Amino acid sequence: MTITHHPGDETLAAFAAGTLDEPRSVVVAAHVALCPHCRTTVAAFEQFGGTLVERTVPVASRAGALDEALARLDKAAPLAPAIRQAEPDCPAVLAPYEVGQWRWIGPGVHWRRVEVPESEGTRVFMLKSAPGSSLPHHGHSGVEWTCVLQGAFRHDLGRYGPGDFDEADNTVDDTPFVEEGDVCICLVAMQGTLQLRGWLGRLLQPFVRL
């Protein structure tokens, strides 16, 4: 597997620090699980963050802080939900989440919801597209992050195969075309909506509730 497209260092640093919102973190985690280069980068950021914590000058706690912390620990913590095995066509990072059924949204294209808590209107879903299919020409009303899990697609900015990370915003219009061969399955975090262009887009827009 040759991975060409990666998240930027700023995104990987935020992911390593835990400051990235949950929907986008899930998509970055799927990429990092497939990409040795980005796993190394994330590990370096984590090590750097640990070094900064070790060098932080201790500050005296306020009076009563220890007693308050111990009192909170004494309270019964809710049981963590059981971690399920991810479904066969889902990446392991989705094991903690409920995943919906595949639904038709266009010729050769299916969609399924992933129940990741939304953050600032960003939600997570999977797309499955048949070889040789394409999405109508479209734009984005917000930011869209995509990790390719299987198969490959192309658009004006290049080819995206297994493990590749694609980032689009409201300045990007594209017409992704799925290559022949494997079914293309992607994990997507999208803010806002797809804005379909052209007559076919206007025809399909009522069915596309991503």
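The values are calculated or read from the model by the stated rules, or taken from the named source; none is laboratory data. This is a predicted model, so every value here is computed, not measured. Because the Cβ atoms are built from the backbone with ideal geometry, glycine has one as well, and the counts that use them run over all protein chains shown.
Tabulated data for the structure shown
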quantity	calculated
Filter pass, T51 being in a loop (DSSP other than H, G, I, E, B), out of contact with any Pro (no Cβ under 7 Å at 6 or more places or on another chain) and either among the hydroxyl-bearing types (S, T, Y) or modelled with pLDDT of 95 or more (or both)	no
Residue in segment 16-34 that is in a helix (DSSP H, G or I), farther than 20 Å from V116 by Cβ and modelled with pLDDT of 60 or more present	no
Residue ID - surrounded by the fewest Cβ atoms within 10 Å (Cβ to Cβ), chosen from residues in segment 97-137 that are touching a Pro at 6+ places or on another chain (Cβ under 7 Å) and of a type outside the set (S, T, Y)	E118
Out of P23, P7, sole residue that is more than 10 Å from G163 (Cβ to Cβ) and touching a Lys or Arg at 6+ places or on another chain (Cβ under 8 Å)	P23
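Residues checked against (1) out of contact with any Gly (no Cβ under 7 Å at 6 or more places or on another chain); (2) at pLDDT below 90; (3) hydrophobic (A, V, I, L, M, F, W, C):
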residue	(1), (2), (3)
P131	no, no, no
H140	no, yes, no
E144	yes, yes, no
Q150	yes, no, no
H155	yes, yes, no
T175	yes, yes, no
V188	yes, no, yes
T193	yes, yes, no
